[in-house]
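One structure, as structure tokens, below. Some questions next.
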């Protein structure tokens, strides 16, 4: 009789194991289709970028190298209004060169892919949301319903800040660093594209800090009290991140980049406090029902 019970128990456990394996492979199948749709979306945006590549290359990618770029024009106006000498950008002394046979072709491919990722970022976030949504409770789905929209807005603001503020300030500073008149700045197009893309997309990702804090607060890994108590350490970390993002040593650029991060940190504290308030309210209602 005992052997029969053990056999039945073993069969049940094997059934649970098979069910778990099927569930795991089902999740892999779902993930595969999310990845496929994301790749298709990137391919569509890359094709669109390739179609309008002349505008993208001349006006967007090479924009920060031109003296008539919006940021440089605003700097000249501010310098004239405040009577600040040297604030107007008068030259960007470096030439772009290509050192590889397939360099310009690969430049076109890589820049189209970067533009595609930037343009398709909202859809990529939407696919991430569709993948994690089934694992959330009804309350969690409701509280995170604006995840894609908020993340997209923050990313766009961050990318615009990086492109119009961080990129031109960094390029202007680095281009005007001269150790000797005998040295001429001949910058490879790959290095230039990498700098523009890294600073632009990097700032866009950094601006997602409130979303990250929201997720961590939901998981109970972050509290507003901890963030308020860690302001001094956060200040040091923000300055380090700003120094990494901006490969310049001037204080003005460092403060310009770090200022939005301090604002984002304070905004993240408010987000975490709101999450804690909702948790406390739900916990109070739960105990009142008992």
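Read-outs throughout are calculated quantities, based only on the coordinates presented, and are distinct from any laboratory measurement. As the structure is a computational prediction, the values presented were derived from the model and not from experiment. Positions of Cβ are generated from backbone atoms using ideal geometry, with glycine treated the same way; all protein chains shown enter the neighbour counts.
Quick one: length gained pulling residue 83 to residue 181 fully straight, 0.36 nm per residue minus the C-alpha distance? Present the calculation step by step, with values, prior to reporting the outcome.
Details: separation 98, 0.36 × 98 = 35.28 nm, distance 2.93 nm.
Residue separation times 0.36 nm, minus the Cα-Cα distance, leaves 32.4 nm.
Between residue 67 and residue 219, what is the spin-label point distance in nm, taking each point 7 Å from the Cα along the Cα→C-beta axis?
Going from the residue 67 label point to the residue 219 one covers 5.1 nm.
Go ahead and run the numbers for FRET between residue 190 and residue 226, Cβ-Cβ distance against an R0 of 51 Å, rounding to 0.05.
Once the sixth-power term is evaluated, E becomes 0.75.
Just for the Cα atoms in the stretch 62-124, what are the lengths along the principal axes, largest first, rounded to whole Å?
45, 35, 12
Can you compute the modelled spin-label distance between residue 50 and residue 110, with each label point 7 Å from Cα toward Cβ, in nm?
Reported label-point gap for residue 50 and residue 110 is 1.8 nm.
From zero up to wherever the largest Cα-Cα distance of the stretch 25-87 sits, split into 10 Å bins and tell me the percent of pairs in each.
19, 22, 19, 17, 14, 8, 2
Given points 7 Å out from each Cα along the Cα-Cβ axis, report the residue 236 to residue 101 separation in nanometres with one decimal.
5.2 nm
Using the reciprocal of the averaged 1/r over all distinct C-alpha pairs, how large is the Kirkwood radius of the stretch 62-167 in Å?
Evaluated on the stretch 62-167, it is 17.8 Å.
Once you have a ≥ b ≥ c as the square roots of the Cα gyration tensor eigenvalues for the stretch 105-217, tell me rounded if a/c is under 1.5, and otherwise prolate or oblate according to whether a/b is larger than b/c.
On the way: a/c = 4.19, a/b = 2.34, b/c = 1.79.
It comes out prolate by the Cα gyration axes.
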